[in-house]
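Asks: Below you will find the structure I want to go over with you.
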Amino acid sequence: LRYDTIITPTTIAELQASGHLVPTKCYGPNSAELVALTDTVGVQAGDFQDAALSQLMRAKAIIGDVVDTWRNHAAGRPTLAFCVDRAHAAELTDEFRAACVAAAYLDYLTEEEDRARLFAQFRSGEIAVLCSVAVLAVGFDEPSASCAILARPTLSLALHIQQAGRVLRPFEGKEDALLLDHAGNILRHGRPEDFVPPATLSEINKRSDRKPKGERAKVSDC
């Protein structure tokens, strides 16, 4: 037997409408400019080259804009920041701390004991912004998180949905999730609720998860 049809029991938009996920508010400061800049970065294995991408995203003007945007729109919200590599995460953490915002970061080298401590401090509010490198995007569950800083540009729709999805879970007193897109990912892939799974496996084969650099999603201004 060959199985081809994909059964989609629900979508992100339907889960938001039913209250099982919170709605999103999206901000894209300088997003068009950032997308143009990321288009200059080479591609390796279907996504941006990490070294060149890290250098771009660590530019002081961009990092400073991340902190200022967060203070203007998301101060007080438990926040997850998705970064390119360890150097990027460390610099972004330092920039938040320099602005008197409690921040920390973790990556694949962070020991389990230290991870547990950081998660507990984030949950209690002792840490306001938790920066990560390829750790929190998949499988991390902290429903109180209500803001995501998208500082890791990606051509992968799956990674984009995973990153945004970390802050969509409902929590007491949580009315919505803020997506601060400093990566141009919403321009590339659309909002999480815009995603509709393909109907067949053959459609997946025809339209790769990886979006070409020059392709843009049709989204309204956030």
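Asks: Counting pairs of alpha carbon atoms under 8 Å apart in space and at least six apart in sequence, what relative contact order in percent does segment 108-213 give?
Replies: 27
Asks: What's the local net charge at Asp85, with K and R +1, D and E -1, over the other residues with C-beta under 15 Å away?
Replies: For residues surrounding Asp85, the net value is -2.
Asks: Express the Stokes-Einstein translational diffusion coefficient of segment 1-57 in µm² s⁻¹, to the nearest whole number, given a Kirkwood radius over alpha-carbon pairs, 20 °C and a viscosity of 1.002 mPa s.
Replies: Result for D is 139 µm²/s.
Asks: Could you tally the net charge around Ser54, taking each other residue with its Cβ under 11 Å from the Cβ of Ser54, Lys/Arg +1 and Asp/Glu -1?
Replies: Net charge around Ser54: 0.
Asks: Have a look at the DSSP beta bridges in the chain and tell me what percent are antiparallel, nearest 5.
Replies: 15
Asks: Take the alpha carbon gyration tensor of segment 146-204, find the square roots of its eigenvalues, order them as a ≥ b ≥ c, and report rounded if a/c is under 1.5; if not, report prolate when a/b exceeds b/c, else oblate.
Replies: Oblate shape, in that a/c is at least 1.5 and b/c is the bigger or equal ratio.
Asks: Mind ordering 135-144, 180-189 by average Cβ neighbours within 10 Å, highest first?
Replies: Listed from highest to lowest mean packing, they are 180-189, 135-144.
Asks: Right, something else. Suppose every K and R has +1 on its Cβ and every D and E has -1 on its Cβ; what is the size of the dipole of the chain about the Cα centre, in Debye to the nearest 20?
Replies: Approximately 420 debye in magnitude.
Asks: So, for segment 1-154, what is the accessible surface per residue at a probe of 1.4 Å, expressed in square angstrom?
Replies: Dividing the accessible area of segment 1-154 by its residue count gives 50 Å².
Asks: Given labels modelled 7 Å from the Cα in the Cβ direction, how far is it in nm from His20 to Asp68?
Replies: For His20 paired with Asp68, the spin-label model returns 4.1 nm.
Asks: In a shell of Cβ-Cβ distance under 13 Å around Ala120, excluding Ala120 itself, what net charge do Lys and Arg (+1) and Asp and Glu (-1) give?
Replies: Charge balance in the 13 Å sphere: -2.
Asks: Using the Cα centre of the chain as origin and beta-carbon charges of +1 (Lys, Arg) and -1 (Asp, Glu), tell me which of Phe82, Ala183, Ile127 is placed farthest towards the positive end of the dipole.
Replies: Ala183
Asks: A further question on this structure: Pairs of alpha-carbon atoms within less than 8 angstrom and 6+ residues apart define the contacts here; what relative contact order does the chain have, in percent?
Replies: Computed over the chain, the figure is 31 percent.
Asks: Oh, and also: Is segment 1-100 best put as rounded, prolate or oblate by its Cα gyration tensor, with a ≥ b ≥ c the root eigenvalues, rounded for a/c under 1.5, and otherwise prolate when a/b is larger than b/c, oblate when not?
Replies: It is oblate, given that a/c is not under 1.5 and a/b is not larger than b/c.
Asks: Leaving out ligands, DNA and RNA, what percent of the accessible area of segment 68-208 is carbon and sulfur, probe 1.4 Å?
Replies: The computed percentage sits at 50.
Asks: When the expected Rg is taken as 2.2 N^0.38 Å, what fraction or multiple of it is the alpha-carbon Rg of the chain?
Replies: Against the compact-globule rule of thumb, the ratio is 1.01.
Asks: Additional query: Is the C-alpha gyration tensor of segment 66-133 telling us rounded, prolate or oblate? Criteria: a/c under 1.5 is rounded; beyond that, a/b larger than b/c is prolate, otherwise oblate.
Replies: Since a/c reaches 1.5 but b/c is at least a/b, the shape of segment 66-133 is classed as oblate.
The values are calculated or read from the model by the stated rules, or taken from the named source; none is laboratory data. None of the values given here were measured: they were computed from a predicted structure. Using ideal geometry, Cβ is built from the backbone for each residue, glycine included, and neighbour counts are taken over all protein chains shown. For the accessible areas, the whole protein counts, side chains as well, though only heavy atoms, and no ligand, DNA or RNA atoms are used. Shrake-Rupley method; radii C 1.70, N 1.55, O 1.52, S 1.80 Å.
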